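The values are calculated or read from the model by the stated rules, or taken from the named source; none is laboratory data. Worth saying up front: this structure is predicted, and the values here are computed from it rather than measured. All Cβ positions, even for glycine, are placed from backbone atoms using ideal geometry, and neighbour counts span all protein chains on display.
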């Protein structure tokens with residue numbers, strides 16, 4: 001007897017093929033039949049006539065490394081059909097660390113409110129992650145920035161050859177313990193210190209293990225071509241499979257930057273470089289406020305950074321930085337930059353920096369530096385958002401067959417220990433907005449093509465076994481939604497609203513959403529085995 005039969009829905013199998021009306025049967029955590037069957041028995045038959053039935057969505061770029069430790073329910077993701085997340089991106093991961101005290105220094109979106117066991121090794125971290133109920137399946141990459149800190153601490157050095165060799169050995173050990181890939185964040189400290197030859201040994205380990213190398217490239221504005229060519233050269237030299245994260249160029253890049261980048265990728269393909277990429281489905285960019293500081297101002301840990309922010313001479317040098325991470329800061333586009341997340345200053349979240357400067361009676365740049373200083377120990381949780389991307393660039397990327405769609409967000413909830421935390425402005429609605437805005441409303445893609453970009457394309461790229469499609473024998477990760485009404489409800493002033501239009505979500509054969517309501521089930525698991533490339 002089956003556990004469930006989803007009866008009479010419009011089935012999108014994740015391959016990009018045309019949909020068809022039929023039934024999906026689930027038993028023992030797997031999809032066991034797809035078709036039209038009248039006499040099969042099940043513990044529960046769910047009428048899904050008029051609804052779309054698709055694989056659960058695979059978000060291949062998130063930063064939920066610590067938020068899933070704090071609250072594994074992943075409510076913001078489950079409520080919009082996500083069943084698998086890939087964490088450890090942009091060079092940031094929660095492990096490995098040399099001491100328990102170091103966890104808070106490397107863990108993205110760390111919060112003191114969370115109660116959790118500690119860890120040192122990557123495998124220990126995965127054990128802690130897997131020990132409580134998870135709302136989503138999790139693949140964890142190991143980050144270059146965390147590897148660097150494990151070997152060199154906060155040194156203003158990328159390491160000598162012996163240090164780099166030790167980093168490569170540590171990456172290899174993490175992959176033994178279950179890391180699904182390796183990532184770098186070359187616009188962030190300490191990734192910004194590393195030259196290609198210092199990344200190469202770690203990428204060679206990644207290639208040897210058949211895992212994916214994902215990179216947040218060094219530059220996506222004025223020198224976009226240098227940033228992307230560096231990533232391609234590193235993949236060519238190391239043999240690693242390359243995933244260029246959130247590829248769309250930022251404010252300051254020339255109008256031809258996106259098409260030129262795609263030409264560079266096409267050329268690399270023709271010379272046997274295995275490269276793919278992903279986009280975030282909106283024109284907002286998000287990052288840590290501290291990332292706008294020059295390298296010298298980020299060295300030495302939080303106390304050293306706060307001391308510089310309080311020093312008038314250092315502050316003037318910071319403001320004179322000719323190449324901040326966002327050129328919008330240099331160009332003083334303060335009306336297009338909003339405070340996204342803060343602890344001490346949470347009453348200002350949602351306001352733009354023109355407003356904040358006016359309210360405080362100071363220059364907006366000083367307002368930004370003041371907020372960072374005031375956040376104190378919570379400095380690394382201060383985030384902002386800006387209108388940095390062009391929709392035309394996103395449309396162009398979506399037309400490419402090897403492009404996946406990602407959130408670049410964190411799994412959170414509007415209740416519990418994470419209720420005041422924000423990851424990105426669209427974190428509660430990225431997948432719903434993609435299917436609403438780019439697929440249904442603007443018809444940039446068909447629904448079959450759109451579903452493929454958040455199911456089978458990322459699943460195959462990561463190397464997931466038996467996930468990302470609706471096929472007999474595959475794990476039963478399923479999303480059932482109303483294609484006419486799926487929508488994001490997020491606004492900049494009210495960003496913590498769950499998406500609409502999701503009827504049912506199944507993770508590993510268990511119902512996590514039923515008739516639009518969250519159940520008590522948390523059936524996700526940490527994935528540690530991957531299909532060879």
Go through the range 294-307 residue by residue and tally those that are surrounded by 17 or more Cβ atoms within 10 Å (Cβ to Cβ) and more than 13 Å from residue 379 (Cα to Cα).
3
Before we move on, is residue 134 touching a residue at least 24 places away in the same chain (Cβ under 8 Å), crowded, with 21+ Cβ neighbours inside 10 Å and on the phi < 0 side of the Ramachandran plot?
yes
Pair list, Cβ under 7 Å, 6 or more apart: the range 396-422 residue at positive phi, other residue in a loop (DSSP other than H, G, I, E, B):
408/61; 408/246; 408/280; 408/424; 416/71
The listed residue being touching a residue at least 12 places away in the same chain (Cβ under 8 Å), touching a strand residue (DSSP E or B) at 6+ places or on another chain (Cβ under 6 Å) and either surrounded by 21 or more Cβ atoms within 10 Å (Cβ to Cβ) or on the phi < 0 side of the Ramachandran plot (or both), out of 69, 11:
11
Some residue of the range 278-287 being at pLDDT 95 or above, more than 28 Å from residue 316 (Cα to Cα) and in a helix (DSSP H, G or I):
no
Of the residues that make up the range 395-411, is at least one farther than 25 Å from residue 442 by Cβ, part of a loop (DSSP other than H, G, I, E, B), under 15 Å from the mean Cα position of the chain (by Cα) and not assigned by TED's automatic domain parsing to the domain that holds residue 491?
yes
Checking residue 362 against (1) at pLDDT 95 or above; (2) crowded, with 18+ Cβ neighbours inside 10 Å; (3) not assigned by TED's automatic domain parsing to the domain that holds residue 422, the condition it does not meet:
(2)
Among the residues that make up the range 92-103, is at least one of them buried (at least 22 other Cβ atoms within 10 Å of the Cβ), in a helix (DSSP H, G or I) and not assigned by TED's automatic domain parsing to the domain that holds residue 7?
no
Among the residues that make up the range 25-46, is at least one of them under 15 Å from residue 476 (Cα atoms), touching a residue at least 40 places away in the same chain (Cβ under 8 Å), in contact with a strand residue (DSSP E or B) (Cβ under 9 Å, 6 or more places away or on another chain) and in a loop (DSSP other than H, G, I, E, B)?
yes
Say we look at the range 472-483 and pick out the residues that are at negative phi and either modelled with pLDDT under 95 or more than 21 Å from the chain's Cα centre (by Cα) (or both); which of these is surrounded by the fewest Cβ atoms within 10 Å (Cβ to Cβ)?
472
Which of the residues that make up the range 433-471 are over 18 Å from residue 505 (Cα atoms), in a loop (DSSP other than H, G, I, E, B) and modelled with pLDDT of 95 or more?
442, 443, 444, 445, 446, 463, 464
If we scan the range 87-101, do we find a residue that is touching a helix residue (DSSP H, G or I) at 6+ places or on another chain (Cβ under 7 Å) and more than 17 Å from residue 174 (Cα to Cα)?
no
Against the definition (in contact with a strand residue (DSSP E or B) (Cβ under 6 Å, 6 or more places away or on another chain), closer than 12 Å to residue 56 by Cα and in contact (Cβ under 8 Å) with a residue 60 or more places away in the chain), how does residue 509 come out, yes or no?
yes
In this structure, is residue 107 modelled with pLDDT of 95 or more and crowded, with 17+ Cβ neighbours inside 10 Å?
no
Quick check on the range 381-432: of everything there that is at pLDDT below 90 and surrounded by fewer than 22 Cβ atoms within 10 Å (Cβ to Cβ), which residue is nearest to residue 328 (Cα to Cα)?
387
